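Q: Please see the structure below; I have some questions.
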Amino acid sequence: MSIIVFNDLTQAQFDSAEQLIISKVRTGYPQLDLRTGTVLREQLIRPAAELYALDGERMTAIAQDTSLLELSKQSDPDPVSVNAVLSNFNMTLNTGFSATGTVLVRVNANRVYTLPAGLTFSTLPGLKYAGGTLTRVRVGANTSAGEIELRTADGISYYFLYPLIAAAEDIEYNIPAGTAMDPTSSIYGYVSSSAYTDFTGGLNASTLTEAIASIPDALTHRALTDRNAISARLHGEFDSTNTVIQDISVQGYGDDAQLRDKHNLMGWAVGARVDIWVRTFTNPVSTTLIVDGTWVSANTYQLTVGVSDAPGYYAVRSVCEVDSVAISSYPVVTDIRTVAASTANHDIDVTRSPTDVVGTVYQGGTIVVSGVPYADSTREFRVDLYTAPGLASIQAFVDDRSVASVGSDCLVRCPLICLVDVSTTIYRKSGVVLDVTALQTQLINYINSRSFTQRLTRSELANILIQAGASRVDLTTTGFQLSGRLRDALGNWLTLQGDVLDIQTIFNAAALVTPQTVVFAAIPGSINLTVVTE
Amino acid sequence: MTIRATSIDYAGRQVDVELLQTVVDPQGTQEVLVSNVATQPKIVAGVQKSLQRYTLLLLTSLGDVHFALDEGSSLMPAFNSGQISNKNMLQYIFVLANTRVMQAIRASDGDVETFGSQPDDEKITSTELSAYDINYQTGVVTLTIKFTMASGSAITYLIPVATVR
């Protein structure tokens with residue numbers, strides 16, 4: 001908060017103060033001559049008016065700096081003042097996070113490459129990402145010393161994987177794998193480069209409006225005893241981190257998707273089990289792993305995903321060759337989840353309910369893929385898995401003895417993701433410009449905001465297109481195709497299509513498919529719009 | 001003109017704090033000095049208040065008063081900048097300064113709603129620079145100003161007093 005001094009006062013502020021003081025003094029002491037040029041006016045009234053105006057402005061500034069509502073009206077509120085007020089609610093303003101990921105760089109020969117500190121890569125729109133310290137890349141790299149392995153699939157072309165961090169804390173730096181990226185300075189032997197993984201974790205600083213909206217959660221009591229309290233506790237802990245909790249669904253005693261409290265002979269619900277389904281992503285996020293696969297039969301390999309490799313992963317997005325960046329995949333034959341870690345604190349009994357471990361941080365995965373045109377006994381594969389970032393941190397938090405409920409077993413889960421595809425024809429009047437990319441982004445953003453709701457309808461999406469300037473939308477069955485697919489907790493892929501994607505139509509509590517466990521999501525490329533001029 | 005000195009006729013008068021030296025006997029030409037306002041404060045009304053007010057505005061430099069940059073006159077800035085090199089220039093500068101001061105006084109006096117009305121013997125109708133001299137050795141400028149009040153010859157001179165009535 002800056003200090004207001006006399007020079008900060010305006011003529012209008014002084015005049016107002018002076019008129020007020022003259023009026024007050026004349027009312028109380030009408031025999032005092034306060035005209036211009038009198039000693040009383042020049043030596044008494046004028047200094048008093050300046051001090052009164054100064055005090056008034058300082059009081060106004062204090063009131064503004066201690067009111068979140070007034071701070072939110074400022075174009076650039078002082079973050080120190082904001083956090084000073086928020087501290088009264090045990091909150092701080094999220095200052096934002098930079099997206100991180102890995103770029104695949106192809107080079108033309110087997111040699112030692114030296115990457116300078118802060119080597120920067122840029123996307124076509126100009127988003128910049130920087131590397132770390134001075135790094136050497138070579139075959140047989142000493143990774144413990146920070147060197148990067150120079151890889152080859154065929155002994156002819158070579159590549160390496162270089163971690164990058166976004167230049168700014170902004171959500172727009174979250175880009176999908178496969179995005180073209182070019183170095184801003186030359187690399188000897190450079191051929192090409194692109195994003196090897198999704199760049200994720202980028203987050204804008206919280207706005208004051210968002211902080212004000214979360215105050216009710218901050219004031220809620222903090223025990224993990226009811227839905228509001230659980231939501232408040234998790235938001236309070238993670239809102240200032242790069243684990244963004246977009247939505248929470250709590251399944252407890254009596255809820256359809258709560259099976260863990262029925263581990264008894266009669267299958268009756270006995271309570272004391274809470275499943276916390278947390279959406280920690282807006283766009284679906286995938287974790288990229290390089291996994292050793294074991295040959296099991298002709299063209300078939302088996303891969304193992306460890307418990308800490310991708311905690312609580314939802315489903316396999318793709319399995320392909322290590323140097324592949326395209327979203328193509330060998331056919332996934334099976335994806336079996338097992339209990340891969342001690343669950344001493346939690347009731348997870350897959351013999352009674354096979355779904356107990358699915359989507360939790362205690363699951364491991366065994367993936368079998370076919371169609372691999374090689375016969376190596378072991379082979380590296382690139383594996384992309386849909387995950388909920390931060391799940392392990394959230395589970396560790398609710399397990400903390402100082403936080404954990406003494407009466408309930410709280411288990412954190414990755415939600416079931418219904419991946420939505422949209423294909424439609426929209427019409428525009430002659431002269432009206434429709435930005436197709438912007439429309440696709442609007443639809444993706446809307447779909448990704450739909451969490452733990454039962455339905456997603458064509459009319460909701462059509463309304464967005466109309467509001468954006470389309471004159472009409474083809475809502476015929478073939479003109480507007482809406483579909484979604486999700487993997488239930490038993491490993492079956494289910495498909496929805498039609499005018500409404502209604503989770504209730506595929507309701508299956510035994511497979512944990514309920515409106516309270518499913519979120520809708522869309523990825524870039526899943527929205528296909530055809531624009532016709534009328 | 002007969003001026004009768006009195007200290008009792010403050011009833012109904014608006015008062016100011018004395019700034020110039022107390023003039024007990026108002027007869028004849030008086031030399032005025034800044035009085036000991038802090039140690040011996042007195043209140044003034046009537047002619048002395050008006051003359052004091054005029055003098056304060058005349059000797060205040062334009063632009064010196066924060067939030068009242070147009071208050072004062074150009075007389076002192078002219079002296080300080082060496083602009084007055086002869087008596088003719090002194091008379092010229094005085095006329096300009098006097099006009100400005102009288103305009104300010106009349107503007108303030110005209111706001112009867114805020115400040116109330118004035119008796120005639122406090123209203124300066126005109127001023128005249130009756131004598132002026134420059135002592136180049138001591139650097140002292142002497143101005144003799146004749147004031148004409150609205151009451152004409154019937155002026156009651158109120159001697160500054162130490163207590164508020």
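Just so it is clear, none of the values below were taken in a lab; they were calculated from the coordinates. Because the structure is predicted, anything quoted here is derived from the model rather than measured. In this analysis, Cβ positions are derived from the backbone assuming ideal geometry, glycine residues included, and neighbour counts consider all displayed protein chains.
Q: Mind jotting down the distance between the C-alpha centroids of segment A:183-200 and segment A:229-287, whole Å?
A: If we compute the Cα centre of each part, the gap is 39 Å.
Q: Which values of log₁₀ I(q)/I(0), to two decimal places, follow from the Debye formula for segment A:415-493 at q = 0.22, 0.27, 0.28 Å⁻¹ with a uniform point scatterer at every Cα?
A: At q = 0.22, 0.27, 0.28 Å⁻¹ the computed log10 ratios are -1.06, -1.41, -1.47.
Q: What are the aspartates and glutamates whose alpha-carbon lies under 12 Å from the alpha-carbon of A:Lys262, with same-chain residues fewer than 8 places away excluded?
A: A:Asp347, A:Asp349, A:Asp356
Q: Need one number: nm distance between label points at A:Ser483 and A:Met266, each 7 Å from Cα along Cα→Cβ, rounded to one decimal.
A: The modelled label-to-label distance comes out at 4.6 nm.
Q: Where the convex hull is taken over the Cα atoms of segment A:200-288, what is its projected area averaged over directions, in nm²? Don't skip to the answer; put the middle values down first.
A: Working: hull surface 30.8 nm².
Quarter of the Cα hull surface area: 7.7 nm².
Q: Multiply the residue separation of A:Asn90 and A:Asn445 by 0.36 nm, subtract the distance between their alpha-carbon atoms, and state the gained length in nm to one decimal. Kindly include the intermediate steps, with their values, before the conclusion.
A: Values: separation 355, 0.36 × 355 = 127.80 nm, distance 3.06 nm.
Gain in length upon complete extension: 124.7 nm.
Q: If you project the alpha carbons of segment A:1-93 onto the principal axes, what extent comes out on each, in Å, largest first?
A: 57, 25, 17
Q: If you look at just the Cα atoms of segment A:375-527, how large are its Rg and its Dmax in Å?
A: According to the Cα coordinates of segment A:375-527, Rg and Dmax are 19.7, 66 Å.
Q: Now a separate question. Where the centroid of each part is defined by its Cα atoms, how far is segment A:406-483 from segment A:61-91 in Å?
A: Value for the Cα centre distance between the two parts: 36 Å.
Q: So what's the back-of-envelope 222 nm ellipticity for chain A, counting only DSSP H runs of four-plus at -39500 (n - 2.57) apiece and dividing by all residues, rounded to 500? Mind dumping the intermediate values first?
A: Working: 10 runs with 106 residues, N = 534.
Helix-only estimate at 222 nm: -6000 deg cm²/dmol.
Q: Which translational diffusion coefficient, to the nearest whole µm²/s, is obtained for segment A:59-201 from the Stokes-Einstein equation, given a Kirkwood hydrodynamic radius over C-alpha pairs, 10 °C and 1.306 mPa s? Walk me through the numbers before you get to the answer.
A: On the way: Rh = 17.7 Å.
The diffusion coefficient I find is 90 µm²/s.
Q: May I ask you to sort A:Tyr196, A:Tyr330, A:Tyr52, B:Tyr132 by Cβ crowding, counting other Cβ atoms within 10 Å and putting the fewest first? Could the numbers behind the result be given before it?
A: Numbers: A:Tyr196 28, A:Tyr330 21, A:Tyr52 17, B:Tyr132 14.
Lowest count first: B:Tyr132, A:Tyr52, A:Tyr330, A:Tyr196.
Q: Additional query: For segment A:116-271, what value does the Rg/Rh ratio take when both radii are computed over Cα atoms and Rh is the Kirkwood radius, given to two decimals?
A: Details: Rg = 23.4 Å, Rh = 20.0 Å.
Expressed as Rg/Rh, it is 1.17.
Q: Which pairs, out of B:Lys87/B:Lys123; A:Lys73/A:Lys429; A:Lys24/B:Lys49; A:Lys128/A:Lys429, put more than 27 Å between their alpha-carbon atoms? Intermediate values should be presented prior to the final figure.
A: Numbers: B:Lys87/B:Lys123 29 Å; A:Lys73/A:Lys429 39 Å; A:Lys24/B:Lys49 22 Å; A:Lys128/A:Lys429 38 Å.
Among B:Lys87/B:Lys123; A:Lys73/A:Lys429; A:Lys24/B:Lys49; A:Lys128/A:Lys429, the Cα-Cα distance tops 27 Å for B:Lys87/B:Lys123; A:Lys73/A:Lys429; A:Lys128/A:Lys429.
Q: Please report A:Val244, A:Val5, A:Val433 as a ranked list, fewest other C-beta atoms within 10 angstrom at the top and most at the bottom. Spell out each step's value before the answer.
A: Working: A:Val244 19, A:Val5 10, A:Val433 6.
So the residues, fewest neighbours to most, are A:Val433, A:Val5, A:Val244.
Q: Given 25 °C and 0.890 mPa s, compute D for chain A with the Stokes-Einstein relation, Rh being the Kirkwood radius over Cα pairs; round to the nearest whole µm²/s.
A: Working: Rh = 27.3 Å.
The calculation lands on 90 µm²/s.
Q: Take A:Val274, A:Val39 and order them by how many other Cβ atoms sit within 10 Å, fewest up front.
A: Working: A:Val274 26, A:Val39 21.
Final ranking by Cβ density, sparse to dense: A:Val39, A:Val274.
Q: Are there any helices in chain A, counted as whole DSSP H runs, that stretch 24 Å or more along their axis by Cα and score at least -0.5 on average by Kyte-Doolittle, and if so which?
A: Details: long enough: A:11-28 (26 Å, -0.29); A:46-65 (28 Å, -0.38).
Helices meeting the span and hydropathy rule in chain A are A:11-28, A:46-65.
Q: Next question, about the same structure. Starting at the first residue of segment A:101-113, write each ³J(HN,Hα) from the Karplus equation 6.51 cos²θ - 1.76 cosθ + 1.60 with θ = phi - 60°, in whole Hz, x for Gly and Pro.
A: Here the 3J(HN,Hα) series is x, 10, 10, 9, 10, 9, 10, 9, 7, 8, 8, 8, 10 Hz.
Q: Cα gyration tensor of segment A:350-450, axes a ≥ b ≥ c as square roots of the eigenvalues: rounded (a/c below 1.5), prolate (a/b > b/c) or oblate?
A: Working: a/c = 3.01, a/b = 1.42, b/c = 2.11.
Oblate is the answer for segment A:350-450, as a/c is 1.5 or above yet b/c matches or exceeds a/b.
Q: Residues with amide H under 5 Å of A:Gly101's amide H, sequence separation 5 or more or different chain, H placed in the peptide plane at 1.01 Å from N; which?
A: A:Leu164
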